[in-house]
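The values are calculated or read from the model by the stated rules, or taken from the named source; none is laboratory data. All figures in this text were calculated on a predicted structure; none of them were measured in a lab. No Cβ is skipped: glycine too gets one built from the backbone with ideal geometry, and neighbour counts run over all protein chains shown. We work out accessible area using only protein heavy atoms, side chains counted, and drop any ligands, DNA or RNA first. Shrake-Rupley method; radii C 1.70, N 1.55, O 1.52, S 1.80 Å.
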Amino acid sequence: MFHSTLKMAIGLCVLYGIAIGPVMAAITLPPVLTDHMVLQRDMPVPIWGTADPGEAITVTFQAQTKTATADAQGKWMVKLDALTATAEPNTLSISGSTTVTLKDVLVGEVWVGSGQSNLDSPVNMYAGQDSILNQAKGESHPLLRLYHSVGQKGWQAATNPELIGGYSAQLFYYGVLLQKELNVPVGVLEGAVAGSPSAPFLPQEGFKSNAAILATAAKWDQEHPIEQRQKKYEEDLAKWESAVAADMAATQPTPGASLSDQTNTTNAVASAVPTAVETAKVPPAILAKHPKPWPPGLAVDSKTGDAFEKHIRPMIPFAIRGVLWDQGEGGAGFAQLPIWQQAIMAALIPAWRQEWGEGDFPWLYVQKPSGGGCAFNPDDPVNKGAKPFEPLPKYVPDADYFSWLHREALDVVAQNTNTFLVITTDLAMGVHPTNKSGYATRDLTVALGAVYGRPVEYYGPKYDSFKIEGDHIRISYTHVGKGLVTPAGQPLQGFAVAGADKRFYWADSAAIDGQTVVVSSTHVPNPVAVHYAWTWPLAWANLFNADGLPAIGFRTDKW
């Protein structure tokens, strides 16, 4: 009787699909490991995922077989030995209790693109104004593979104009050019957020481990006691409640309803807890008219990294060559703290590198603000949209926000190892320059010269040193390329000199002398300092190298 009952029970379990023993979990892979992906050549390549704790995993690719055992949390990882670039489609197999097969896998160069709208904006937004980009959109690029951190199911070959049209314009065309130049497969991963400041891309661990930023935050907390800010918040909250209640009474009375409760946190910082009245009965128009006060908190407890966690961490530790970063207009993102872009990037870049575990991989930093200077050859498609050359203003301009943004970009590359400036002063200007093919071409120039060691000049003339020679100042440069020049027919200008009184005047004499520039001003008989292109926009500054790249602005003083 027992055996017949057992057989019946087993039969019912089989009939209805009920598990009668241990259930083996299927091998799962992160979203970044899919068909059609490109693996990075010439370095170890991590392959990772989850399975049952203790499960033996075997990964096979080309002639390699690697094994691992899932840990107590089910996580596992293997690292393939350095691979050689190949355009021949391969199959990558991951086996355990189940088998996952990834098809059409190539090996070549892989780049991550991140930042804000100028990196995130799609091809379709610019193709109508950028004929070169539009042409590339209509072509098939089977050896270029695209991956987006959201809204796309895995890697895709860039062979479909509809798919291409929705992908990052700058990153897509950078990939097109890089693939053609290197003649190997190229994969580009996009993880950008339009309008984002840099702090959301700074991992929380990077914020908490950066002594300089924490010191600034602690000083701010000390100068703005939480008790005083809490008192001000409570006063503002009461005013807000009264204002909302008055408007509610005039439009939608709710007698006896409380607009908010307050709950004290462990550090005595109160936060307003929304009630049913707020969330369900206050019309959105009233809430829009009366924004609710934000409860105060300690600056040292600031939260960073939301964008990083959503868009970048899921890619890690996918093997990459480097990062193309186009962000800066949104600033650092610490509205209440005097923390600037270069300080955030000095924490962000090392934090990303530490998370990836690949060492100091190359970082291309697109200069902000976009454009603002004249071009060496305005007819070059790369420079389409650049400002025309202008005469000098009557007086040396004072710095403004955009000038500081321009200088922060210079500081970022100076303060971070293996970080390279993508000079944009001679490119199309605007918050969203339309000539994305021009920007991608400049990205490529920097990558080829700085990362891949090609014999191409990737910077314009870069200040090296200066020497006072009586009433003149002689300025020496690196990255002179094929020589220092100005556009045809233009007198050299854009230099300002000052004496000990710290008053700057335009140099009324400026001349190229070999790999140096000699400047002077009749207003400054005893010069001690010189600036070049130190305010923005700067279409009146016109020193280039013969390679067509503009000189980088500089100052010799620390006033």
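Things worth noting here:
- Bins of 10 Å from zero: percent of alpha-carbon pairs in segment 145-193: 26, 60, 13, 0
- Using a probe of 1.4 Å, the accessible surface attributed to ARG555 totals some 70 Å² when neighbouring protein chains are kept in position.
- Segment 82-236: antiparallel DSSP beta bridges as a percent of all, rounded to 5: 45 percent
- Extension gain for the segment ALA335 to GLN204, taken as residue separation times 0.36 nm less the Cα-Cα distance, is 45.4 nm to one decimal.
- Dividing the convex hull volume of the alpha-carbon atoms in segment 446-559 by its residue count gives 108 Å³ per residue.
- Spin-label zone in segment 473-496 - amide nitrogen under 17 Å from a point set 7 Å from the Cα of GLN515 along the C-beta vector: 474-485
- Cβ-based charge dipole, segment 272-419, positive-most Cα from PRO283, TRP294, ILE344: PRO283
- SER242/ALA26 FRET efficiency (R0 41 Å; Cβ-Cβ; nearest 0.05): 0.10
- Size of segment 371-520: Rg and Dmax of its alpha carbons, in Å, are 16.4, 47.
- Heavy-atom accessible surface of the chain, averaged per residue, reaches 45 Å², computed with a 1.4 Å probe.
- Using Cβ point charges alone (K and R +1, D and E -1), the dipole size of segment 69-183 about the Cα centre works out to roughly 220 debye.
- Remark: segment 213-223, residue by residue, has Karplus-estimated 3J(HN,Hα) of 5, 4, 5, 5, 5, 5, 5, 5, 4, 5, 7 Hz, where x stands for each Gly or Pro and the curve is 6.51 cos²θ - 1.76 cosθ + 1.60 at θ = phi - 60°.
- Beta bridges by DSSP in the chain, antiparallel share as percent, to the nearest 5: 70 percent
- Anisotropy class of segment 200-255 from Cα gyration tensor, a/c 1.5 cut: oblate
- Taking the centroid of alpha carbons for each part, segment 324-370 and segment 535-559 are 23 Å apart.
- The C-alpha atoms of segment 269-403 occupy a region whose extents along the principal axes are 63, 47, 28 Å, arranged from largest to smallest.
- For segment 21-124: Kirkwood Rh in Å [reciprocal of mean 1/r, alpha carbons]: 15.1 Å
- Surface/4 estimate of mean projected area, convex hull on alpha-carbon atoms of segment 431-488, nm²: 6.7 nm²
- Cα-projected label distance for ASN377 with THR91, points at 7 Å along beta-carbon direction, nm: 5.0 nm
- Solvent exposure ordering (accessible area, 1.4 Å, most first) of ARG353, ARG313: ARG313, ARG353
- The alpha carbon convex hull volume per residue for segment 395-478 rounds to 142 Å³.
- Scaled radius of gyration (Cα, divided by 2.2 N^0.38 Å) that segment 114-173 gives: 1.03
- Cα pair distances in segment 355-402, grouped into 5 Å bins until the bin that holds the longest one, percent each: 4, 14, 14, 17, 14, 12, 8, 8, 5, 3, 0
- In this structure, the amide hydrogen of SER509, modeled 1.01 Å from its nitrogen in the peptide plane, lies closer than 5 angstrom to those of SER520, counting only residues at least 5 positions away or on a different chain.
- Shape category assigned to the chain from the gyration tensor of Cα positions, a/c cut at 1.5: oblate
- These residues, PHE504, PHE334, go from largest to smallest accessible area, 1.4 Å probe, as PHE504, PHE334.
- Solvent exposure, largest accessible area first (probe 1.4 Å, DNA, RNA and ligands not counted), of SER131, SER149: SER131, SER149
- Since only PRO369, PRO185, TRP536 are under comparison, the one whose Cα sits farthest along the positive direction of the charge dipole of the chain, derived from C-beta charges on Lys, Arg, Asp and Glu, is PRO185.
- Rounded to the nearest 10 square angstrom, ASP221 shows an accessible area of 20 square angstrom against a 1.4 Å probe.
- Rh by Kirkwood over Cα pairs, then Stokes-Einstein D for segment 515-559 at 1.002 mPa s and 20 °C, µm²/s: 174 µm²/s
- Cα gyration tensor shape for segment 101-250, rounded if a/c is under 1.5, else prolate or oblate: prolate
- Student exercise, segment 37-102 dipole from Lys, Arg, Asp, Glu Cβ charges, in Debye to nearest 20: 80 debye
- Solvent accessible area, Å² - GLU205, 1.4 Å probe, full protein context: 100 Å²
- Calculated from the alpha-carbon coordinates, segment 172-236 shows an Rg and a Dmax of 21.6, 65 Å respectively.
- Computed about its Cα centre, the charge dipole of the chain is approximately 380 debye, with only Lys, Arg, Asp and Glu carrying charge at their Cβ.
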